[in-house]
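First up is the structure itself, then whatever we jot down about it.
The values are calculated or read from the model by the stated rules, or taken from the named source; none is laboratory data. These numbers come from a predicted model, not from an experiment. No Cβ is skipped: glycine too gets one built from the backbone with ideal geometry, and neighbour counts run over all protein chains shown.
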Amino acid sequence: MSWQPRQYVNLFVEEFRPARWPAPVCQLFRQLLGLAAALLMLSLVMAALDVWMVLQFKQAEKRQQQAMEALLSQEQRLLPVALDTDLQASVARLQLELQRERLRLDYLRNPPLRYADSFSPLMNDLSQHANTSLWLTDVLLLDGGDALVLAGRVPEPAVVSTYLQGLGELPTFSGRTFRQIRIERDKTQPWLNFELDTRPPEESAADKRELTSPASVRSKP
């Protein structure tokens with residue numbers, strides 16, 4: 001057993017401990033690390049948002065293109081079909097023939113038989129003066145042929161003026177004057193209804209006949 005003295009070193013004293021940063025410096029480092037982490041997180045969020053906005057923009061462009069293509073397709077489908085020229089001519093010719101036959105039929109229905117001889121030239125002139133732009137729906141010969149009422153449909157008022165001018169050149173219409181000219185647009189159809197009457201307003205107002213295409217509602221004088 002040795003009696004030599006032993007020395008003990010206390011490693012827990014302050015001078016043997018590792019060097020440490022001061023508390024304020026450590027706190028500053030922690031704050032800087034927190035700020036860096038926040039900036040990194042913000043950068044990631046901004047990058048993700050940028051990618052999302054690019055995707056949304058591309059999808060919006062795609063939807064807009066699809067909508068434009070659908071609109072163009074719909075416009076092409078709704079474009080009016082151009083009618084063949086020969087077909088239009090055939091339709092106009094058939095309308096003219098039908099109008100003439102209607103005039104003859106109205107003549108046979110309306111006038112008294114004792115006036116047939118005097119009415120024939122007038123009805124024949126009306127048939128010959130038929131206009132493809134004017135559709136006669138009613139022809140009334142009243143008071144022994146002294147009064148005449150014409151009613152029908154036209155696309156525009158100027159057609160009635162041209163029609164009246166042509167009637168004035170016919171021999172059977174010499175001396176006849178239409179005292180009433182009424183033109184009114186049909187609210188449910190694209191055409192205009194017209195009515196030509198040689199009678200004064202008070203006489204036509206008392207007439208209760210219903211026209212196929214009346215230009216106005218007659219009222220009592």
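Regarding residue 111, is this residue at pLDDT below 65, surrounded by 11 or more Cβ atoms within 10 Å (Cβ to Cβ) and closer than 30 Å to residue 196 by Cα? Yes; evaluated as a whole, the condition is true for this residue.
Each residue in region 157-185 was checked for being touching a residue at least 12 places away in the same chain (Cβ under 8 Å) and among the polar types (S, T, N, Q), and 4 of them qualify. Please work out if residue 187 is more than 19 Å from residue 99 (Cβ to Cβ), at pLDDT below 80, in the same structural domain as residue 93 (by TED's automatic domain parsing) and among the basic types (Lys, Arg). Spelling it out, residue 187 is indeed more than 19 Å from residue 99 (Cβ to Cβ), at pLDDT below 80, in the same structural domain as residue 93 (by TED's automatic domain parsing) and among the basic types (Lys, Arg).
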